[in-house]
1. Which one is farthest from the other protein chains (Cβ to nearest Cβ) among residues in the stretch A:1-58 that are open to solvent by 50 Å² or more (accessible area, probe 1.4 Å), closer than 27 Å to B:Arg38 by Cα and assigned to a loop (DSSP other than H, G, I, E, B)?
2. Among the numbered conditions (1) touching a residue at least 60 places away in the same chain (Cβ under 8 Å); (2) at the interface with chain A (Cβ under 9 Å from one of its Cβ atoms), tell me where B:Ala54 comes up short.
3. Considering the stretch B:140-155 alone, what residues qualify as being within 14 Å of chain A (Cβ to nearest Cβ) and farther than 14 Å from B:Trp219 by Cβ?
4. Pick from B:Ser31, B:Ser71, B:Ser90: which is modelled with pLDDT of 50 or more and more than 8 Å from chain A (Cβ to nearest Cβ)?
Amino acid sequence: MQSLQDADIEVVYRRYFPLIRDKCARMLGDSAEAQDIAQETFMRLWSNRASIADPRAVIAWLYRTSTRLAIDNYRRISKRGGEVQCLDDAAEFTLSSGPESTVEDRVHSRRLLHLVADKVPQRELEAAILSRLDGLTHEEIGHVVGASGRTIRRWLSRFDRRLADFTAMDKTGQGRETGLVPGDMTGDKR
Amino acid sequence: MNTTSRHPSFLELDRYATGASRSPETRAHLSSCSACRRHIDRVSGAAASIEIPAWVRELATSSVAHSAVRSTARPRWSGATLVWSGGLASALAAAAVLLVVATGDRPGEPTVTETADRPGPVGRDRKSPQPGHSAPYTGAKGAEAVGLYIKRAGRVSLWDGSSPVMPGDSLRLKVVPGGFTRVAVFSPDPAAKRSERALIELYAGAVEPGRGHLIPAAWKVDRAVGSETLIVVLSRAPLSPGDAVRAIAGPTARPGVWVRRFVIPKQVVEN
């Protein structure tokens with residue numbers, strides 16, 4: 001494969017932008033935000049092309065960058081308030097997984113991510129998106145974010161516990177009124 | 001808990017679609033899984049048919065290190081730097097014939113630094129027949145000029161010189177540099193203690209004289225109370241924030257630089 005450094009921007013755009021757009025749509029739906037973040041991700045790719053020497057690493061770089069930009073977006077919306085729809089009462093607090101998930105699964109997952117975005121540490125949210133929306137294995141996530149598969153397993157376990165806490169608090173009506181702070185968010189620094 | 005999916009991940013599928021993976025397992029899976037094949041087809045098909053938007057071409061012609069934008073603290077602007085296309089392209093095309101933009105200071109001409117950091121319309125030029133008039137200046141093609149575009153709820157419009165922006169709006173600039181070869185965009189640093197005029201560099205890069213340049217960075221308006229200020233400086237050599245401070249500090253812009261200050265009122269609605 002040709003390295004990014006030597007490639008024409010139109011070739012790079014044709015090769016990577018469709019999958020960036022697809023990835024952003026999984027995280028943010030068919031929205032203006034998804035389009036903005038896809039464009040921002042591509043711009044960053046182009047700006048940083050000199051530092052991505054191995055063309056095989058490009059996709060992992062794109063997944064990491066777009067996921068982090070999407071998390072920023074979730075948190076901005078969460079702080080603004082008012083745009084996040086509540087989950088259906090019957091909905092489970094779980095995220096859908098991988099290529100086999102349905103559109104409804106993903107809509108539900110995006111709402112859930114909006115709800116918990118500012119209550120969950122960045123790296124757990126990142127791992128959860130890569131695992132549950134993109135279907136990555138622990139090892140693949142580790143490769144994307146620069147951690148071991150074992151660490152990813154631990155982050156995802158904590159994320160699941162926080163969702164369980166969120167579920168319990170939501171059912172009692174506490175979560176949205178009291179500024180939810182489930183779990184221990186200070187003692188899990190790497 | 002690992003994923004229990006028997007499908008390859010989207011990461012693996014995307015690697016396969018772009019030729020970065022030739023995994024026999026993935027190939028075997030694709031031969032029997034229509035859902036994964038659809039993803040590959042969608043990504044590959046789009047790659048073949050996708051049109052190259054204007055912002056990509058702008059990016060190609062810009063020699064700016066985009067990362068420099070993010071390496072600088074931007075306390076008045078929230079979130080990531082964003083860009084957009086779509087309606088902007090047509091808006092820019094329309095602007096090419098008759099530039100309806102804010103024009104800047106030339107050495108020896110009236111300056112706009114008197115409006116520094118005050119909310120209100122841009123370019124309250126002393127030559128203006130109606131000081132404070134909110135209509136933007138109409139200039140001839142070929143002169144230095146800057147247009148400020150606002151994206152709100154997916155729609156892009158040229159700023160009218162007076163309407164307030166709102167949190168969440170994205171701002172973007174188009175520059176016609178005249179004979180200048182460099183453009184830099186600054187914002188006052190509210191945390192600066194040594195000088196009220198201290199600036200933060202939001203963007204800097206080369207421009208080609210005589211043609212319009214869509215700045216490949218944009219900024220999202222935050223919820224902080226007060227106006228937003230963008231200072232666009234055209235020059236013939238790179239300017240540091242300190243150089244820019246000195247260049248715009250006097251009553252008139254220094255020779256060799258051209259300055260336009262946008263003071264944009266902001267409407268913050270409390271929830």
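The values are calculated or read from the model by the stated rules, or taken from the named source; none is laboratory data. Small disclaimer: the values here were computed from a predicted structure and weren't measured. Please note: Cβ atoms are built from the backbone with ideal geometry, for glycine as well, and neighbour counts cover all protein chains shown. All accessible areas refer to the heavy atoms of the entire protein, side chains included, with ligands and DNA or RNA removed. Shrake-Rupley method; radii C 1.70, N 1.55, O 1.52, S 1.80 Å.
1. Within the stretch A:1-58, the match that is farthest from the other protein chains (Cβ to nearest Cβ) is A:Asp30.
2. (2)
3. Matches in the stretch B:140-155: B:Ala153, B:Gly154, B:Arg155.
4. Among B:Ser31, B:Ser71, B:Ser90, only B:Ser31 is modelled with pLDDT of 50 or more and more than 8 Å from chain A (Cβ to nearest Cβ).
This table checks each residue for (1) touching a residue at least 12 places away in the same chain (Cβ under 8 Å); (2) within 25 Å of B:Leu171 (Cα to Cα).
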position	(1), (2)
A:Arg14	no, no
A:Arg26	yes, no
A:Gly29	yes, yes
A:Ala32	no, yes
A:Phe42	yes, yes
A:Trp61	yes, no
